[in-house]
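Step one of this worksheet: look at the structure below.
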Amino acid sequence: MPLPRVLGDLLKLPTAAFVEHEVLAYIRKSCARMKGVTLAPDAYGNLLAHYRREPVRGRPVCFVAHTDHPGFVALEMVDRRTVRAAFRGGVKAEYFPGARVIFRSAGRWIPARVVELTRIKPLKAIGWTGRPEEVLLKVSAPVAAGSPGMWALPDPRLAGDTLHARGCDDVAGSAAMLALLARLARRQAVGEVYCLFTRAEEVGFVGAIGAIRAATVPPDMPIVSIETSSARPTTPIGAGPILRTGDRMAVFTPALTLFLERVARELSKRRKRFRFQRALMDGGACEASAFLAYGFEATGVCVPLGNYHNMDVTRQRIAAEYISLADWKFMVDWFEAVVCDEVGYSGQERVDRQAMDAEFDCMEHLLRS
Ligand SMILES: [Zn+2]
């Protein structure tokens, strides 16, 4: 199974919170080639794509994925061979000393190495030693201020079904939205969907909150937040994408969650190989919680992720993140089925009462006795 081009292309690009430019440029270029897809930036540089072909059934949903990944941003050269850089995202301090980094400056990658942690945010509450916010790195050549830096890990590669990359979270989710749009456009499918590519999620949903405040998405738009979320023994990699009933902060909108579940169940009847999981993924928070906080209906879908935020817990060192390519492909199939569903989302979805009524009717006499 070859690596889909959109994944290969996107996962090569540098990105970090507020410096997602190369990923955003790729998304603009791709959407420009898709028939029936419009794309517009909002006041904060988030990108909203829209696809519509009549007749539309139900309320269109808006998928959301973030284009950044925990990484470095060069601040200034403090001497000829040392750069001071911010680190934006949640990675434990013990992973930093001596770690290799690459900065993208003036179109080329410049190798670097962490030499000092100059500012660490203590995070005792969640059992962490702390999260570095500013570091010094030795560099082989000067790096321009504002350059994104990532851990020095190889370009994306596929080993069997496992896709390793510098940062799957959540460029892989953004790639899934692009794959969905490309598929809808290619077959001019009937349906309607919005896809919001957000910025700066790793520093506290900043791009998503900007999109809400700028009314990039109207307040009655149902939101489906896409993530890669740390795999657990009960939600393993390779067992299918996961319908998220909630995250660390919130429980998601039941009607919207039920709609996605119904679509997945029907898809698994049509396609024998399709698999999905359903779980409360409370290891982290996702943009669904930000939208819920502002009164939206929201739910989430994620693919299980290995080496969350590049932390290889077993070897205690920085490593490539990884996901299952099959999980990712099934997620795109699922999204397509959501957009093309014969009924669509109404907001009135409830747990099926028929079976409960039947059960009750059978046993009512016992209850009366
Ligand atoms: Zn993420």
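The values are calculated or read from the model by the stated rules, or taken from the named source; none is laboratory data. Here the structure is a predicted model, which is why all the values come from computation and not from measurement. For neighbour counting, all protein chains shown are included, and Cβ atoms are generated from backbone atoms with ideal geometry for every residue, glycine included. Protein only, heavy atoms only, side chains kept; ligands, DNA and RNA dropped before computing areas. Shrake-Rupley method; radii C 1.70, N 1.55, O 1.52, S 1.80 Å.
Of the residues making up the range 59-68, at least one is closer than 30 Å to Ala255 by Cα, more than 16 Å from the ligand (Cβ to nearest atom), assigned by TED's automatic domain parsing to the domain that holds Ile212 and in contact with a Gly (Cβ under 7 Å, 6 or more places away or on another chain). Residues in the range 151-184 that are of a type in the set (A, V, I, L, M), more than 16 Å from the chain's Cα centre (by Cα) and open to solvent by 10 Å² or more (accessible area, probe 1.4 Å): 5 in all.
In the condition set (1) more than 23 Å from the chain's Cα centre (by Cα); (2) open to solvent by less than 50 Å² (accessible area, probe 1.4 Å); (3) hydrophobic (A, V, I, L, M, F, W, C), Ala17 is compliant with all but (1).
Residues in the range 248-255: is at least one within 30 Å of Asn307 (Cβ to Cβ), without any contact (Cβ under 8 Å) to a residue 60 or more places away in the chain and crowded, with 23+ Cβ neighbours inside 10 Å?
Of the range 248-255, the ones within 30 Å of Asn307 (Cβ to Cβ) are 248-252.
Right, trim to without any contact (Cβ under 8 Å) to a residue 60 or more places away in the chain and you get 248-252.
This time we only want the ones that are crowded, with 23+ Cβ neighbours inside 10 Å, so: 252.
Scanning the range 248-255 turns up at least one residue that is within 30 Å of Asn307 (Cβ to Cβ), without any contact (Cβ under 8 Å) to a residue 60 or more places away in the chain and crowded, with 23+ Cβ neighbours inside 10 Å.
The set of residues from the range 343-369 being surrounded by 10 or more Cβ atoms within 10 Å (Cβ to Cβ) and outside any helix (DSSP H, G or I) comprises Val343, Gly344, Tyr345, Ser346, Gly347, Glu349, Asp352.
Filtered by the rule that a residue be of a type in the set (A, V, I, L, M, F, W, C) and outside any strand (DSSP E or B), the range 215-236 gives Ala215, Val217, Met221, Ala231. Scanning the range 55-71 for residues that are out of contact with any His (no Cβ under 7 Å at 6 or more places or on another chain), assigned to a loop (DSSP other than H, G, I, E, B) and under 17 Å from Cys286 (Cα atoms) gives Thr67, Asp68, His69. All told, Leu243 falls short of being open to solvent by less than 10 Å² (accessible area, probe 1.4 Å), outside any strand (DSSP E or B) and more than 30 Å from Ser105 (Cα to Cα).
So, in the range 222-240, of the ones that are of a type in the set (A, V, I, L, M, F, W, C) and open to solvent by 20 Å² or more (accessible area, probe 1.4 Å), which residue ends up nearest to Thr299 (Cα to Cα)? So that I can check it myself, show each step before the final result.
Our first condition is that a residue be of a type in the set (A, V, I, L, M, F, W, C); within the range 222-240, this holds for 223-224, 226, 231, 237, 239.
Those still in the list that are open to solvent by 20 Å² or more (accessible area, probe 1.4 Å) too: 231, 237, 239.
Details: Ala231: 18, Ile237: 21, Ala239: 20 Å.
It comes out as Ala231.
Scoring Trp328 on the criteria (1) over 30 Å from Gly90 (Cβ atoms); (2) touching a strand residue (DSSP E or B) at 6+ places or on another chain (Cβ under 6 Å); (3) not basic (Lys, Arg) leaves a single failure, condition (1).
Here are some residues: Ile226, Ile242. Which one is farther than 25 Å from Gly45 by Cβ and at pLDDT 95 or above? Break it down stepwise before answering.
Details: Ile226 fails: farther than 25 Å from Gly45 by Cβ.
Answer to the selection: Ile242.
What about Ile223, is it more than 13 Å from the ligand (Cβ to nearest atom) and under 15 Å from the mean Cα position of the chain (by Cα)? Explain how you work it out, then say what you get.
Numbers: more than 13 Å from the ligand (Cβ to nearest atom): yes; under 15 Å from the mean Cα position of the chain (by Cα): yes.
Answer is yes for this residue.
Looking only at the range 31-41, which residues are closer than 23 Å to Ala214 by Cβ and open to solvent by less than 30 Å² (accessible area, probe 1.4 Å)? Matches in the range 31-41: Cys31, Val37. Which count do you get for residues in the range 259-272 that are within 19 Å of Thr235 (Cβ to Cβ) and open to solvent by 50 Å² or more (accessible area, probe 1.4 Å)? Summing the residues that are within 19 Å of Thr235 (Cβ to Cβ) and open to solvent by 50 Å² or more (accessible area, probe 1.4 Å) in the range 259-272 gives 1. Restricting attention to the range 63-81, the residues that are open to solvent by less than 10 Å² (accessible area, probe 1.4 Å) and in contact with a Ser or Thr (Cβ under 9 Å, 6 or more places away or on another chain) add up to 11. Any residue in the range 214-238 that's farther than 18 Å from Cys286 by Cα: show its pairings with residues that are within 16 Å of the ligand (Cβ to nearest atom) and open to solvent by 10 Å² or more (accessible area, probe 1.4 Å) at Cβ separation under 8 Å, as long as the two are six or more apart or on different chains. Filtered contacts from the range 214-238: Ile237/Ala231; Ile237/Tyr322.
Would you check which residues across the range 283-294 are crowded, with 16+ Cβ neighbours inside 10 Å and not in a helix (DSSP H, G or I) and list them? Within the range 283-294, Gly284, Ala285, Cys286 qualify.
Just name the residue that is farthest from the ligand (Cβ to nearest atom) out of those in the range 185-220 that are surrounded by fewer than 18 Cβ atoms within 10 Å (Cβ to Cβ) and charged (D, E, K, R). So, considering only residues that are surrounded by fewer than 18 Cβ atoms within 10 Å (Cβ to Cβ) and charged (D, E, K, R), the one farthest from the ligand (Cβ to nearest atom) is Arg187.
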